[in-house]
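Q: Questions regarding the structure given below will be posed in turn.
The values are calculated or read from the model by the stated rules, or taken from the named source; none is laboratory data. Everything quoted here is computed from the prediction, not taken from an experiment. Ideal geometry is used to build each Cβ from the backbone, glycine not excepted, and the neighbour counts take in all protein chains shown.
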Amino acid sequence: RGQDADALARLHAAGVVPVIVIDDVAAARPLADLLAGAGLDCVEITLRTEAAPSALRAVAERGDLLVGAGTVLEPDDVERCVDAGARFIVSPGLDPQVVERCQSLGVTVLPGVATASELLCARRRGLRAVKFFPAEPAGGLPALTALAAAVPDLRFMPTGGVGPDNLRRYLREPAVLAVGGSWMAPRDLLAARDWSEIGARCAHAAGVAAE
Ligand code: 3PG
């Protein structure tokens, strides 16, 4: 319910999901080219900027990348993002109304959880994957592992404080569906169109995920 197996399988296969804050829609296509070139199949565009919905549409129109919307705080945003081509919806927390809207539209939803109680709420709603947020401040890998041991039928997308130094450790945890983070294409590098640095970070992350 509310989670499409194909989208979850693609997130899992990608291993890493760049979380994007985009200020200029014109950067969306070159970014998508770069992600595809690096072998990163999935991307999350956060609704933190005015450019986000058009950027989401521009990337979705390519057809080859699995595009999600992040920072989805309002149920009505779900519709707008799905119309723009979003195949998964990410939220920093578990808002029942956002989850229900996703489920009614049949789009994969990854609500943020940081505690066992939130995890059980997600499970009760029929979800099988969640975002673990904010991963490092909420206890990092030891917390994720303890939650996963207690609730073994859910998988996690840890996000928040993950980067090149701890990526490998998260990816080794079997309960991890994929790892999300902004380090691959951070807002400042994107604004500066620093494609060589973004490309290097994406290639490194893709390489670690493929290990
Ligand atoms: C998110 O919205 O998921 C986080 O802001 C990303 O966290 P990071 O910037 O620490 O990767």
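Q: When you check Ala138 against the structure, is it touching a Leu at 6+ places or on another chain (Cβ under 6 Å), modelled with pLDDT of 95 or more and either buried (at least 17 other Cβ atoms within 10 Å of the Cβ) or not in a helix (DSSP H, G or I) (or both), yes or no?
A: Against the criterion (touching a Leu at 6+ places or on another chain (Cβ under 6 Å), modelled with pLDDT of 95 or more and either buried (at least 17 other Cβ atoms within 10 Å of the Cβ) or not in a helix (DSSP H, G or I) (or both)), Ala138 does not qualify.
Q: Give segment 187-211 a look and list any residue that's among the small types (Gly, Ala, Ser) and either touching a residue at least 12 places away in the same chain (Cβ under 8 Å) or within 11 Å of the ligand (Cβ to nearest atom) (or both), or say none. Walk me through how you get there before you give the answer.
A: Step one: of segment 187-211, the residues among the small types (Gly, Ala, Ser) are 191-192, 196, 199-200, 203, 205-207, 209-210.
Selection gives Ala191, Gly199, Ala203, Ala205, Ala206, Ala209, Ala210.
Q: I would also like to ask the following. Which residues, counting only those in segment 57-77, are within 16 Å of the ligand (Cβ to nearest atom) and under 12 Å from Cys42 (Cα atoms)?
A: Val67, Gly68, Ala69
Q: For Val98, which of the numbered conditions (1) surrounded by 20 or more Cβ atoms within 10 Å (Cβ to Cβ); (2) in contact with a Gly (Cβ under 8 Å, 6 or more places away or on another chain) fails to hold?
A: Unmet for Val98, out of (1) surrounded by 20 or more Cβ atoms within 10 Å (Cβ to Cβ); (2) in contact with a Gly (Cβ under 8 Å, 6 or more places away or on another chain): (2).
Q: If Glu79 satisfies every condition in (1) in contact with a Pro (Cβ under 7 Å, 6 or more places away or on another chain); (2) under 30 Å from Glu61 (Cβ atoms); (3) not in a strand (DSSP E or B) but one, which is the exception?
A: Single failed check for Glu79: (1).
Q: Taking segment 28-67 on its own, how many of its residues are free of Cβ contacts under 8 Å to residues at least 60 places away in the same chain and either among the small types (Gly, Ala, Ser) or assigned to a loop (DSSP other than H, G, I, E, B) (or both)?
A: First pass over segment 28-67, keeping only residues free of Cβ contacts under 8 Å to residues at least 60 places away in the same chain: 28-29, 32-33, 36, 41, 43, 45-67.
Now drop any that are not either among the small types (Gly, Ala, Ser) or assigned to a loop (DSSP other than H, G, I, E, B) (or both), which leaves 28, 32, 36, 41, 47-52, 54-55, 58, 60, 63-65.
Residues in segment 28-67 being free of Cβ contacts under 8 Å to residues at least 60 places away in the same chain and either among the small types (Gly, Ala, Ser) or assigned to a loop (DSSP other than H, G, I, E, B) (or both): 17 in total.
Q: In this structure, is Cys121 assigned to a helix (DSSP H, G or I), surrounded by fewer than 24 Cβ atoms within 10 Å (Cβ to Cβ) and at pLDDT 95 or above?
A: yes
Q: For segment 159-186, how many residues are near the ligand (Cβ under 9 Å from one of its atoms) and farther than 13 Å from Val17 by Cα?
A: Summing the residues that are near the ligand (Cβ under 9 Å from one of its atoms) and farther than 13 Å from Val17 by Cα in segment 159-186 gives 1.
Q: Within segment 130-142, track down each residue that is within 15 Å of the ligand (Cβ to nearest atom) and farther than 15 Å from Ser182 by Cβ.
A: Val130, Phe132, Ala138, Gly139, Gly140, Leu141 - these are the residues of segment 130-142 that are within 15 Å of the ligand (Cβ to nearest atom) and farther than 15 Å from Ser182 by Cβ.
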